[in-house]
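A short worksheet on the structure shown next.
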Amino acid sequence: MKELFVCNEGDIAEGGRKVVAEDGVEIGVFRVGGAIVAWRNHCPHQGGPVCQGRTMKRVEERLTDSKQSLGIHYVEGSLNVVCPWHGYEFDVRTGRHVGHDAMKLASVAVKNRDGAIYVVVS
Ligand code: FES
């Protein structure tokens, strides 16, 4: 295993990301809810560069007790990434596909050493 320097902690803004590569392995590093998380840039669908997709807050539809729509809204504090190949959408916090719990991005360990962010490449 090898640690790869990504950037200094302050270099990724909330909702932002940085994609790094080492020996043919690409890793997307995101800041969401103040935390730094990292995922392999390899979509579990067909291998697309998921970490380079569009990001947005999760969209939910509010319903009344009788299931009438009150409209859609963005969920504050959430962050989803959409794979650019076929549009599969993943929760950046958990790596899980928003519609299929079993489909998940591969996580990568993150280390913060005195404000410097590293990912562990295996
Ligand atoms: S490869 Fe990502 S949605 Fe198909």
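The values are calculated or read from the model by the stated rules, or taken from the named source; none is laboratory data. The model shown is predicted, which means the values in this text are computed figures rather than measured ones. With ideal geometry, Cβ positions are generated from the backbone for all residues, glycine too; neighbour counts draw on all protein chains shown. Surface areas here come from the heavy atoms of the whole protein model, side chains and all, with no ligands, DNA or RNA. Shrake-Rupley method; radii C 1.70, N 1.55, O 1.52, S 1.80 Å.
Points to keep in mind about this one:
- When the range 85-113 is filtered for residues that are away from the ligand (no atom under 16 Å from the Cβ) and touching a residue at least 12 places away in the same chain (Cβ under 8 Å), the ones remaining, listed by number, are R93, S107, V108, A109, V110, K111, N112.
- Filtered residues of the range 21-54 (kept if under 14 Å from the mean Cα position of the chain (by Cα) and aliphatic (A, V, I, L, M)): I27, V29, V32, A35, I36, V37, A38, V50
- Filtered residue count, the range 29-50, keeping only those that are free of Cβ contacts under 8 Å to residues at least 40 places away in the same chain and within 10 Å of V92 (Cβ to Cβ): 1
- Among the residues making up the range 85-115, those that are under 16 Å from G48 (Cα atoms), of a type outside the set (A, V, I, L, M) and either assigned to a loop (DSSP other than H, G, I, E, B) or open to solvent by 40 Å² or more (accessible area, probe 1.4 Å) (or both) are W85, H86, G87, Y88, E89, G95, R96, K104, S107.
- Selection status of D23, more than 20 Å from R96 (Cβ to Cβ), more than 16 Å from the ligand (Cβ to nearest atom) and touching a residue at least 40 places away in the same chain (Cβ under 8 Å): yes
- Residue check for V20: β-branched (V, I, T), in contact with a Phe, Trp or Tyr (Cβ under 6 Å, 6 or more places away or on another chain) and part of a strand (DSSP E or B): no
- Lone qualifier among Q52, Q46 - being in contact with an Asp or Glu (Cβ under 9 Å, 6 or more places away or on another chain), polar (S, T, N, Q), open to solvent by 50 Å² or more (accessible area, probe 1.4 Å) and within 16 Å of the ligand (Cβ to nearest atom): Q52
- When the residues of the range 59-84 are filtered to those that are open to solvent by less than 80 Å² (accessible area, probe 1.4 Å) and outside any strand (DSSP E or B), the one that is farthest from the ligand (Cβ to nearest atom) is T64.
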